[in-house]
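The values are calculated or read from the model by the stated rules, or taken from the named source; none is laboratory data. Note that the structure is a prediction, hence the values are computed from the model and not measured. For neighbour counting, all protein chains shown are included, and Cβ atoms are generated from backbone atoms with ideal geometry for every residue, glycine included. Protein only, heavy atoms only, side chains kept; ligands, DNA and RNA dropped before computing areas. Shrake-Rupley method; radii C 1.70, N 1.55, O 1.52, S 1.80 Å.
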Amino acid sequence: MAFHFKDNPAPKKTVLEDGTEVIRTCAWSPPGCHAVGCGIRLFVKDGELVKVEGDPDHQLTQGRLCPRCLALKEAVYHPDRIRYPMKRAREDRGLDKWERISWDEATDLIVSKTEDIRARYGSEAICVYMGTGREAVRYGFTLSSKVLRTPNNCYAQSGWSCMGPRQTAMTMMLGSAYIELDYGGGYVDVWNDPAFVVPDYVFCLGKEPLKSNPDGLWGHALIELMKRGSKLIMADPRVNWLATRADQVLQVLPGTDAALCLAILNVLVDEDLVDHDFIEKWCYGYDELVERVQGYTPEFAAATCGISADDIRTCARKLGYDGVHHWSLLMGVAVDQNPNGCQVTQCLIAMAAITGNLDVPGGTVVGVQMQFEMTGATDFMSEELKNKCIGWDVYPIVKVLLNTTHPDITLEALETGRPYELKMAWLDSTNLLSPTCSAQPKRWHDALMRMEFTVAKEMFMTPTVMALADVVLPLATWAEHDGIVMTNQGCQMGIAGAINKGLQVGECKSDLEMLIHFGNAFYERAYHEEYPFRTVEEYLADDVGKMDTTWEELSEKVVATNDIGGYRKHERGLIRADGLPGFQTATGRVELWSTGYQSLGDDPLPYYFPPKLGAEERPDLAREYPLMCTTGARYFASFHSEHRQIPSLRQLTPEPYLEIHPETAAALGIKSGDEVTIENPWGSAHEKAKVTPTVRKDVVAAAHGWWYPEEDGEEPHLFGVWKSNVNSLVPHRVLGKMGFGAPYKQVPVKVYKTPHEECVLG
């Protein structure tokens, strides 16, 4: 695993004739995106940002940017931006009664309140709540474990339905970090390197990479592969832009992905389209897998998924082993947002393994464990304190894999005070009420209102901050701080980029600056120890130093390629901790029959069960709520709930849309542009209808993460957060056996045109 720089990269900084400085940097957040590290040129004159352009010298993005990066200046100088620390009285939560304070006062208040709560209730009464994909994720675990010294760090999405199921299966079957599409990310010249093998097929399930750059993958890399001959197979209930360019589309019913994948496995083994050499050398449990999939025929899956058996066989034969061709896997968060998601991932890994497409050129790249301090150290915590982490007793796999609380059990603890009361919340760059993540957000709102003290970090006043926080700290954008961004946090082939500071706005600090600031404050005042890092520069020098380079070199050259050890790492001892060939599992092999799952009480082989809220399992619901609603589709103009107040981006997506098939809409008397109500037993939401044939007749697709910054921010309105809050439709704790995966993309609903007197949208 090493960094590689381009020969003679462009300089970090140049100065134009008029004195404008052009600073090369890499983007992350805020405002948000995943850890892609797109190449940026900041044009700064007299300390002010003039414009943003793409960096043509960046080996991955090569000068191309999405609208969110191009709109950075609007975010940086937006009149509603939070520019300095503020506080208000606890009794004024929900009211716009903020008072400007200094960083010294904010620090004194936060340290003293935290230590008072720790003294009265114990460290476990403190909980950090994190968002998804943003830069805070890199430092949030360290904030909770090292700085605040609490075992409780919570990602509030029901069922840990972002990475939880996927990472569970990857750990159980491979002992590896994230597996990803092979786009040549380990080469400096990426897909143009002569050694790069272009995948013949890309099998994409649950991911639309162009709009969200999911999990740190630069979505446009898929376009580069397609230009070079890769054929795309899309499995998705919606026909998106990529699907219209695909070789094959499998428009499955939401929640039936496991049935589809088990049927593909059935065809692969029954038609002997498998790599026997790889299976013999590197797989465990193949015979058991063969026996398991016999019951999952293409005919079974066709009836279950709502597609044809012939299409399933055609797909399987394209992915089958022939000794020549390769295919690469592209799976996304829709896999996780399914109580059956762990088993879907088991199937996908098995498909790649038995066809000889794991960690080979043109196949699916196996990730390596992080070399950096993302997860934080808990060695100083007693076992008693560690084991107080909420939910570990209910779902032990969370302890084994994630070192966080279980989100659903956390909500129940907030509401009931069992197993103990939580008293302090640190909202670490998360807008969980809008929501980016939480199911049943009104329950989270009411539960978190009980906190004695709440701190938040944000760029803008959000519904979450307005409702819940006592102190809010101003976040710097990625143009305003130094840092590092790595593809999938350094676990995958891709880039390591320097985030180079170009300007300063107000008193804003970055997530890393706040980590160092409060680390030193707590260690000095509360723990009477010395924090390991006094400055951001010291932290970055240590972080980057683990990769045999320096922060100074990375900052100056801006971007490097991270090869993570190349391909066939299992043959060279680069996956196992002991350095032996094989995989980091009990058997040292790809565990098609998982000893890990068996030890935790689950079935060691993949299996399918019908959607827990679907017509087969809940016919009582289906009678009144006949449509299946999928949520969370991404848009170019926003990252989850962010960017709603940015004028140019809001013009691109001015309102939340519910996609509905023309025949379904006609039967319900709905036309495009009508305000519609989406309703089920758990909640309701209002969106504008978008009549389109790109969704199935039995499915509607709802936008998520909506709030209205232009509206009244005080309680009970909270910027209109409850009007279009589609996560109100998602029930609490409807999960898979291990506690992972919730039905965000498979909730039963009815849809009707909102009566005029009940309309709430403009």
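Of note:
- Members of segment 429-468 found to be of a type in the set (Lys, Arg), touching a residue at least 40 places away in the same chain (Cβ under 8 Å) and either surrounded by fewer than 24 Cβ atoms within 10 Å (Cβ to Cβ) or in a loop (DSSP other than H, G, I, E, B) (or both), listed by number: Lys442, Arg443
- Against the criterion of being in contact (Cβ under 8 Å) with a residue 24 or more places away in the chain, within 25 Å of Gly362 (Cα to Cα), open to solvent by less than 40 Å² (accessible area, probe 1.4 Å) and in the same structural domain as Asp7 (by the TED database), Val559 qualifies.
- Segment 562-600 - residue that is aromatic (Phe, Trp, Tyr) and closer than 24 Å to Ser328 by Cα and, of those, most open to solvent (accessible area, probe 1.4 Å): Trp593
- Contacts under 7 angstrom Cβ, first residue in segment 13-25 being assigned by the TED database to the domain that holds Val36, partner open to solvent by 60 Å² or more (accessible area, probe 1.4 Å) and outside any strand (DSSP E or B), 6 or more apart: Val22/Leu16
- Restricting segment 321-350 to residues that are open to solvent by 10 Å² or more (accessible area, probe 1.4 Å) and touching a strand residue (DSSP E or B) at 6+ places or on another chain (Cβ under 9 Å) leaves a set whose member that is farthest from Arg634 (Cα to Cα) is His325.
- A Cβ distance below 8 Å, combined with a sequence gap of six or more or placement on separate chains, defines the contacts here; from segment 52-64, residues that are assigned by the TED database to the domain that holds Val36 reach residues that are open to solvent by 30 Å² or more (accessible area, probe 1.4 Å) and among the β-branched types (Val, Ile, Thr) in the pairs Gln59/Val188.
- In summary, helices (runs of 4 or more DSSP H) completely within segment 269-317 and bearing 1 or more residues that are open to solvent by less than 20 Å² (accessible area, probe 1.4 Å) and farther than 23 Å from Arg589 by Cβ occur at 298-305.
- Single residue of Ala2, Ala35 found to be of a type outside the set (Val, Ile, Thr), buried (at least 21 other Cβ atoms within 10 Å of the Cβ) and touching an Asp or Glu at 6+ places or on another chain (Cβ under 9 Å): Ala35
- Condition check for Tyr708: at pLDDT 95 or above, surrounded by fewer than 24 Cβ atoms within 10 Å (Cβ to Cβ), closer than 24 Å to Thr464 by Cβ and not β-branched (Val, Ile, Thr): yes
- Residue in segment 635-644 that is among the small types (Gly, Ala, Ser), more than 19 Å from Val721 (Cα to Cα) and under 27 Å from the mean Cα position of the chain (by Cα) present: no
- Residue match in segment 291-301 (condition: closer than 17 Å to Gln251 by Cα and free of Cβ contacts under 8 Å to residues at least 24 places away in the same chain): yes
- The number of residues in segment 357-368 being at pLDDT 95 or above, open to solvent by 10 Å² or more (accessible area, probe 1.4 Å) and in contact with a helix residue (DSSP H, G or I) (Cβ under 8 Å, 6 or more places away or on another chain) comes to 0.
- Positions within segment 396-419 being open to solvent by 30 Å² or more (accessible area, probe 1.4 Å) and either outside the structural domain of Ser123 (by the TED database) or modelled with pLDDT under 95 (or both), in sequence order: Pro396, Lys399, Val400, Leu401, Leu402, Asn403
- Selection over segment 211-229 of residues that are over 22 Å from the mean Cα position of the chain (by Cα) and either in a strand (DSSP E or B) or in contact (Cβ under 8 Å) with a residue 40 or more places away in the chain (or both) gives a count of 2.
- Condition check for Leu49: under 30 Å from Gly632 (Cα atoms) and in contact (Cβ under 8 Å) with a residue 24 or more places away in the chain: no
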